[in-house]
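Below: one structure, written as structure tokens.
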Amino acid sequence: MNLDTTHEGEIILIRVMDDRIDAASAIQFKERMREIVAVPSLRVVLDMSNVGFLDSSGLGAVVAVMKALGPLRRLELSGLTPTVEKVFRLTRMDSVFTIHKTLPADLRRAG
Amino acid sequence: MAERLSFTPPDQARIVIGSTMLDVRAGLADLMACPIVQGLSADCLSTTEIVLAEALNNVVEHAYARFAGEIEVELRRDSDQLRFHIKDKGLPMPDAEPPAGYPPAVGSFDDLPEGGFGWFLIRTLSCDLAYRREGDLNLLSFGVVLDNAA
């Protein structure tokens, strides 16, 4: 699981470089994410624009990472591709996350 | 490893894969490149990949939880449906029935579900789902409705 991390002020921006988060990679994704967010920050933004496919294990891993952050430090998602967006919408998990269509303006030049 | 992928006639495809999550990933990639799914709408393609992934993940995770084996996937294209037939020689489903797949409870932060989405997605996105045990075989079939039947 290839994750590209940028620290931008109070934000950790994590770009998923793999094209899928599935049952074969979900555990690794979760572990890598937990290492990355061990560094304190106000916000954590996960750029998923490279991820064309996410299955229920991948979704569970993203939820687990958000829960690990605690209620005060929400996981923000950005750039959901159509299939990924469909999985979030059907499971109603789109109501749980802050979802940006594209990277927030203050992060666009990051990395 | 995926093997024996055949796409003749063009309205059918058959593939046999092993029982690891990486086998599922490779098998999905092969199936999603088959002529049988060419020309489907983007929406139909994503539904197909999601349902198939969840069904195959379940076989790996549950049917083959205690031993390894083969999974056979057959696709047929009817006038209005893509039909899937999945065969494995793993453990039977509990109560000889596929799980109901209740919608995940989106409640308080601490109770957010980290799993249990799989059967909900299958039940939501597929139609005419049937399961039966025949000897040492699990036979699961379901359809995905084609929105651009042509």
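The values are calculated or read from the model by the stated rules, or taken from the named source; none is laboratory data. Quick caveat: nothing in here was measured; it's all calculated off a predicted structure. Counting neighbours? That spans all protein chains shown, and the Cβs are built from the backbone with ideal geometry, glycine included. Keep in mind that these areas ignore ligands, DNA and RNA; they rest on the heavy atoms of the full protein, side chains included. Shrake-Rupley method; radii C 1.70, N 1.55, O 1.52, S 1.80 Å.
Report summary: the helix-based calculation at 222 nm, which adds -39500 (n - 2.57) for every DSSP H run with n ≥ 4 and divides by the residues of chain A, gives -9500 deg cm²/dmol.
Interface residues of the range B:33-59, defined as a loss of at least 50 Å² in heavy-atom accessible area between the chain alone and the complex of all protein chains with a 1.4 Å probe, are B:Glu49, B:Ile50. Taken per residue, the accessible surface of the protein assembly as shown reaches 47 Å², heavy atoms only and a 1.4 Å probe. For peptide A:19-26, the mean count of partner chain Cβ atoms within 10 Å of a residue's Cβ comes to 5. In terms of its C-alpha gyration tensor, the range A:3-104 has a rounded overall shape, because the principal axis ratio a/c (a ≥ b ≥ c, square roots of the eigenvalues) stays below 1.5.
A Förster radius of 30 Å, combined with the Cβ-Cβ distance separating A:Glu31 from B:Asp80, puts the computed FRET efficiency at roughly 0.10.
For the range B:3-145, the square roots of the Cα gyration tensor eigenvalues, ordered a ≥ b ≥ c, give a/c of at least 1.5 with a/b no greater than b/c, which places it in the oblate category.
For the residue pairs A:Lys101/B:Lys89; A:Lys30/A:Lys101; A:Lys86/B:Lys87; A:Lys67/A:Lys101, the alpha carbons lie more than 32 Å apart in A:Lys101/B:Lys89.
Positive end of the dipole of the protein assembly as shown, charges at C-beta (+1 Lys, Arg; -1 Asp, Glu), about the Cα centre: which of B:Ile15, B:Gly107, B:Phe67 has its Cα farthest in that direction? Farthest towards the positive pole: B:Gly107.
Of the accessible area of the protein assembly as shown, computed with a 1.4 Å probe over protein heavy atoms only, carbon and sulfur atoms account for 52 percent. Helix A:56-69 axis versus longest C-alpha principal axis of chain A: approximately 30°, rounded to the nearest ten.
On association of chains B and A, roughly 2300 Å² of accessible area becomes buried (total for both chains; probe 1.4 Å).
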